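Data block below; observations after.
The values are calculated or read from the model by the stated rules, or taken from the named source; none is laboratory data. Keep in mind that what you see is a predicted model, and the values were worked out from it rather than measured. Here the Cβ positions follow ideal geometry from the backbone for every residue, glycine too, while neighbour counts run over all protein chains shown.
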Amino acid sequence: MSTSGLVQLAISTIIFLLAASLAKSWALAPSMWKLVVTLLLYTGGNLIMLRLVREFGMAAAFSLSAVIQLVAVTVIAFTFFGERLDNVQTMGVVLAVFAVCMITIGPWLTGR
């Protein structure tokens, strides 16, 4: 993974986290500006993801992004919105993180 790719992944993650937080805010108190900004943020994040797909490949780019977002959004939901996961949901998050670790290190382990 290149430094440029990691920076783009970080930027897209921040954008997606802002979009998810604004989407939750919209769900609690709907307004047109929140909806428009949320859609613009998701669009920007997905445009960056297109570049990452080219650099990392589809499986790695979307898997990395999805799990990083999964963990980060869960932390935001806990911290700012008071949400909680039950035991089965928590295990799902743990398994998702493990799965992406396998996807990420798989090529290195198999020599590809």
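Numbers below:
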{"read-out": "Segment 1-34: number of residues that are surrounded by fewer than 18 Cβ atoms within 10 Å (Cβ to Cβ), β-branched (Val, Ile, Thr) and in contact with a Leu (Cβ under 8 Å, 6 or more places away or on another chain)", "value": "0"}
{"read-out": "Hits in segment 67-112 (condition: of a type in the set (Gly, Ala, Ser) and surrounded by 15 or more Cβ atoms within 10 Å (Cβ to Cβ))", "value": "Ala72, Ala77, Ala96"}
{"read-out": "Qualifying residue in segment 48-64 (condition: more than 24 Å from Cys101 (Cβ to Cβ) and either touching a strand residue (DSSP E or B) at 6+ places or on another chain (Cβ under 6 Å) or surrounded by 15 or more Cβ atoms within 10 Å (Cβ to Cβ) (or both))", "value": "no"}
{"read-out": "Residue list for segment 1-56, filter: touching a residue at least 24 places away in the same chain (Cβ under 8 Å), closer than 25 Å to Thr79 by Cα and among the aliphatic types (A, V, I, L, M)", "value": "Leu9, Ile11, Ile15, Leu17, Ala19, Ala20, Leu41"}
{"read-out": "Any chance Gly57 is out of contact with any Gly (no Cβ under 8 Å at 6 or more places or on another chain) and closer than 21 Å to Thr104 by Cα", "value": "yes"}
{"read-out": "Pairs, first at positive phi in segment 58-80, second modelled with pLDDT of 90 or more and not hydroxyl-bearing (Ser, Thr, Tyr), C-beta under 8 Å, six or more apart", "value": "none"}
{"read-out": "Selected residue [among the aromatic types (Phe, Trp, Tyr) and within 14 Å of the chain's Cα centre (by Cα)] from Phe16, Phe78", "value": "Phe16"}
{"read-out": "Matching entry among Pro30, Pro107 (being more than 16 Å from the chain's Cα centre (by Cα) and part of a loop (DSSP other than H, G, I, E, B))", "value": "Pro30"}
